[in-house]
1. In the neighborhood of TRP142, defined by Cβ-to-Cβ distances under 13 Å, what is the net charge if each Lys or Arg adds +1 and each Asp or Glu adds -1?
2. I want to make sure I understand the PRE zone here: with the label point 7 angstrom from the Cα of VAL84 toward its beta carbon, which residues in segment 101-127 have backbone N atoms less than 19 Å away?
3. So how exposed is ASP104, as accessible area in Å² (1.4 Å probe, rounded to 10)?
4. In what order, largest first, do TRP127, TRP142, TRP112 sit by accessible area if the probe radius is 1.4 Å?
5. Taking the full set of protein chains and a 1.4 angstrom probe, give the accessible area of TYR27 in square angstrom, rounded to the nearest 10.
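The values are calculated or read from the model by the stated rules, or taken from the named source; none is laboratory data. Keep in mind that this is a model prediction, so the values were computed, not measured. All Cβ positions, glycine included, derive from the backbone under ideal geometry; neighbour counts span all protein chains shown. Each accessible area value is taken on the protein alone, full model and side chains, heavy atoms only, with ligands, DNA and RNA left out. Shrake-Rupley method; radii C 1.70, N 1.55, O 1.52, S 1.80 Å.
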Amino acid sequence: MESVRNFSVSLIKGFIDSLRGVTVLLYLDKEINERALSRSPHLDPDNTKSKQKQTKVKQESKVLTRVLQSCILNGFIFLLSILVFEYVLLPAVKYLVTVVFGHDQGVAHSVWAWMLPFLSMTFRMIWVLPLFLLSKLVNALWFQVPC
């Protein structure tokens with residue numbers, strides 16, 4: 001019962017932190033837009049090009065856009081790699097095991113029961129963890145580049 005409570009508390013804290021993070025992102029966008037407006041040359045207030053430029057700068061949401069792009073890119077890469085592993089590679093290996101040990105289904109089942117956790121753990125260590133670290137590096141470099 002204690003572990004369920006700890007899990008629930010952690011889930012709620014994570015949700016609250018996510019909301020705080022989105023609030024910070026929106027605040028950063030607002031601050032960046034205000035700085036861009038204050039730096040932009042103020043020409044004649046009647047000039048329509050100046051007004052269009054100010055509204056364009058005000059409408060851009062650089063930080064939030066980059067975060068969303070990063071989430072979509074990372075989510076797509078991770079989801080695609082996991083789906084390929086689960087629905088292409090594992091069934092292919094299972095089929096190969098049943099072909100090799102086709103004369104005895106009990107042996108094929110035992111070998112597969114041993115191989116499945118081993119393959120899953122190996123996939124997580126050799127593919128997902130390095131991919132996660134690489135995506136952290138790419139995201140850090142991506143956010144350093146001026147918009």
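1. Summing Lys/Arg as +1 and Asp/Glu as -1 gives +3.
2. From segment 101-127, the list is 119-127.
3. Surface open to solvent at ASP104 totals about 60 Å².
4. Result of the area sort, largest leading: TRP127, TRP142, TRP112.
5. About 140 Å², ignoring ligands and nucleic acids.
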